[in-house]
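Single-structure report; data block below.
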Amino acid sequence: MSQHSILHTLAPQLRQQFAEQTQVMTFPSGQVLFNPGERCQGLPLVLSGVVKVQMTGASGNSIVLYRMGANDICTLSIGCLMTGFGYRAEANVEDEAEVIMVPRPLFDRLMDQSDGFRQGIMESYGRRLDDLMLLVEEVAFRRMDERLNEWLQARAERSPLLITHQDLAIELGTAREVVSRLLKELERKNRVRLARGRIDIL
């Protein structure tokens, strides 16, 4: 079985139980792992690929909360498993992903019987919570043109960027119209060149 670093915290007997009660699942790009309102059936452990977690507000605007790559743990799932609440966001596979789904009864047993597993889960939860607090700070207190410029500059070496204005708006947590207006301003200043689904950073 493919390994996830959290498994190294388990004693041999618990690791054997884990191997017997879980399996690696492969999800294609575009697959939805969970939707808002759904009950959490288990804890996804990502082995490879990329899974994007995003939230959509009443206005219809969306924002990317975080991405999970190899060796990541789904923070929202941890919260749902501990509180019993349903998901408040959705998870979509961006790049074909291998995932181990830990069933709820096994998750509860590992949290109860393994100090190392419990500590690893809480550390993962804490790191992601800190990232989400930084995201809230960005969205609430920084100007959108500053955030857009920073986002573009961080990816300048990968230019051209194959991304739509709508997808970029979701990344930044704003409306497509706002992103389009700001990009047009940058184009007028000869800082970017725009084409359908493409941004060249000059």
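The values are calculated or read from the model by the stated rules, or taken from the named source; none is laboratory data. Everything numeric in this text was worked out from a predicted model, so none of it was measured. Please note: Cβ atoms are built from the backbone with ideal geometry, for glycine as well, and neighbour counts cover all protein chains shown. Remember, those area values only see protein heavy atoms, side chains included, never the ligands or the DNA or RNA. Shrake-Rupley method; radii C 1.70, N 1.55, O 1.52, S 1.80 Å.
Worth pointing out:
- Qualifying residue in region 8-17 (condition: surrounded by 19 or more Cβ atoms within 10 Å (Cβ to Cβ) and either within 14 Å of MET101 (Cα to Cα) or free of Cβ contacts under 8 Å to residues at least 40 places away in the same chain (or both)): no
- GLU20 vs. criteria of a type in the set (Asp, Glu), part of a helix (DSSP H, G or I) and on the phi < 0 side of the Ramachandran plot: yes
- Odd one out for THR22, checked against (1) out of contact with any strand residue (DSSP E or B) (no Cβ under 9 Å at 6 or more places or on another chain); (2) buried (at least 17 other Cβ atoms within 10 Å of the Cβ); (3) hydroxyl-bearing (Ser, Thr, Tyr): (1)
- Unmet criterion (only one of (1) within 16 Å of HIS4 (Cβ to Cβ); (2) part of a helix (DSSP H, G or I); (3) open to solvent by less than 30 Å² (accessible area, probe 1.4 Å)) for LEU81: (1)
- Helices (runs of 4 or more DSSP H) enclosed by region 90-202 - at least 1 residues per element that are hydrophobic (A, V, I, L, M, F, W, C), over 30 Å from PRO12 (Cα atoms) and more than 20 Å from the chain's Cα centre (by Cα): 115-141, 144-154, 176-188
- Residues that are of a type in the set (Lys, Arg) and at pLDDT 90 or above were ranked within region 127-157; the one that is least open to solvent (accessible area, probe 1.4 Å) is ARG147.
- Matching entry among LEU162, LEU194 (being in contact (Cβ under 8 Å) with a residue 24 or more places away in the chain and either surrounded by 12 or more Cβ atoms within 10 Å (Cβ to Cβ) or not basic (Lys, Arg) (or both)): LEU162
- TYR66 being among the hydroxyl-bearing types (Ser, Thr, Tyr) and in contact (Cβ under 8 Å) with a residue 60 or more places away in the chain: yes
- Only a single item in (1) in contact with a strand residue (DSSP E or B) (Cβ under 6 Å, 6 or more places away or on another chain); (2) open to solvent by 60 Å² or more (accessible area, probe 1.4 Å) is not met by LYS52, and it is number (2).
- Residue within region 97-105 that is free of Cβ contacts under 8 Å to residues at least 60 places away in the same chain and within 26 Å of LEU43 (Cβ to Cβ) present: yes
- Unique match (being part of a loop (DSSP other than H, G, I, E, B), open to solvent by less than 70 Å² (accessible area, probe 1.4 Å) and closer than 21 Å to MET133 by Cβ) among TYR87, TYR66: TYR87
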